[in-house]
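Take a look at the structure set out below.
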Amino acid sequence: MKNTIRQVFHSPKFVGGFVIFVAILLTMIIYPLFNPGNPLEQIGVGTFAKPGTYFSLYDATKAKTDTFRLPEADENRLAASLSAEDRVAMVEYFTAMGIDISELDTEDTDTLLQMWEDNYDPSVRPKGMTGAKVNYYKRLNNSLQDLKGGDTLVVAEEVDGELVESKKISTTDYVRTGAVANVKTLPLGTDNFGRDVLKELVSATGTSIGIGLLAGVVATLIGLTFGLLAGYVGGFLDDFIMFITNIFTVIPGFVLLILISYSIGQEQRGAAVVATVIGLTGWTWTARSVRSQVISLRNRDHVNLSKLSGHSLVRIILTDILPYIASYVVMAFILQVSSGILAEAQLSLLGLGPRTTEVPTLGLMMNWAMLYSAHTNGSWWAYFPVILVITLISFSLNLMNTGLDQVFNPTLRD
């Protein structure tokens, strides 16, 4: 046993997959200690807040300020105020006015603003421009002038029903983040419901791995039981089991999975139910593979000796056959876990996954991102980390399986 374990952990592929998988598990355990709470809690009112550090603007106005005169501050302020849509609109205005923009770079804020200063005339309405567009350009010009001309903001508080000036904020006033009472760091922003994506992702990873493990246990137990009985007993029992297996094989497994999940209903589809359904539809290839292994073992000398000794069927299978295919069963289980995680993601993408009100899963996060068009509005943080985690889990499990195969399969050894 010790020698076998030593061989397994001398396999570079197994060790690589094992390290990745353990790192994912440790993240699931450690991160909630630093960021506890309900992963489905809505902390944002808006949708798809970008990754970054957020602080309370109200608390920032109350914090002690320091004065800095940064030479690039005004340029940065103007550049940040111009959105991509504003820059495109300014180019459209120049085009409508017949101005040569062949050498204009919309990312060059200084040149863009200088051209705007030189050519914008609120009293001139280009031919074909709608009134709404004209008003848009006026508002844009006013906001640019305010940024260029104003250097002080006034903070007012309501006292006895009247607004009273409480503080003036200059463009040279800066507040240290640590001095602000309420600061929230969102490494992956928020999703369409205003929930912390990273906290949700960590919880969803744990749930999906749990679904994969339960599905793997169910599928492996069913496949192992049927494979052992069919391969060892043979005869009518073998024909009957293989008949059932062939029926499940002929019907596409995912189609069967969809039909069963749909028939259960949304309210009854918890994580455990979905995992069980996945396991009940994914055992066939394990049964066929175990059967072929057992057929090659049932006439070995040690098995025949047990038969002559009068040992029971259960004892022969458990003591004389199962230990010889244990390594294969472990590899089949690892593949079943990986298949279970992927199957849950596919089901949830179709809206047939676990209930959305209990726990998040990786598939549900993908489903939410798709329903709210995260892929079209540039909110990559709502779906790309999910894809990355699913890929890493599947890659690590398959890498571990390949490493085990190289250890236990003599034909693959160096």
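Could you order the peptides 364-375, 169-180, 301-312 from most to least packed, using the average number of other C-beta atoms within 10 Å per residue?
Going from most to least packed, we get 364-375, 169-180, 301-312.
Mind ordering 84-95, 100-111 by average Cβ neighbours within 10 Å, highest first?
For the peptides 84-95, 100-111, the packing ranking is 84-95, 100-111.
Which of these, A204, A80, A332, has the largest mean-square fluctuation under a Gaussian network model of the chain (Cα springs below 10 Å)?
With Cα springs under 10 Å in the chain, the top fluctuation among A204, A80, A332 is at A80.
Take peptides 286-299, 217-230 and line them up by average Cβ neighbours within 10 Å, highest first, as a rough protection proxy.
Put in order of decreasing packing, that is 217-230, 286-299.
Using modelled amide H (1.01 Å from N, peptide plane; none on Pro or chain starts), what sits under 5 Å from the amide H of I169, excluding residues fewer than 5 places away?
The list, which skips near neighbours in sequence, is L153, V154, V155.
In whole Hz, with x marking every Gly and Pro, tabulate ³J(HN,Hα) for segment 17-30 from phi via Karplus 6.51 cos²θ - 1.76 cosθ + 1.60, θ = phi - 60°.
Per residue, the Karplus-derived 3J(HN,Hα) values read x, 5, 5, 4, 5, 5, 4, 5, 5, 5, 4, 4, 7, 7 Hz.
Read phi for every residue in segment 276-291 and hand back ³J(HN,Hα) as whole Hz from Karplus 6.51 cos²θ - 1.76 cosθ + 1.60, θ = phi - 60°, with x for Gly and Pro.
Computed from phi, the couplings for segment 276-291 are 5, 4, 4, x, 5, 10, x, 9, 4, 5, 5, 4, 5, 5, 5, 4 Hz.
Values in this text are rule-based calculations from the coordinates and carry no lab data. What you see is a predicted model, and the numbers here were worked out from it, not measured in a lab. We place every Cβ from the backbone using ideal geometry, glycine too, and count neighbours over all the protein chains shown.
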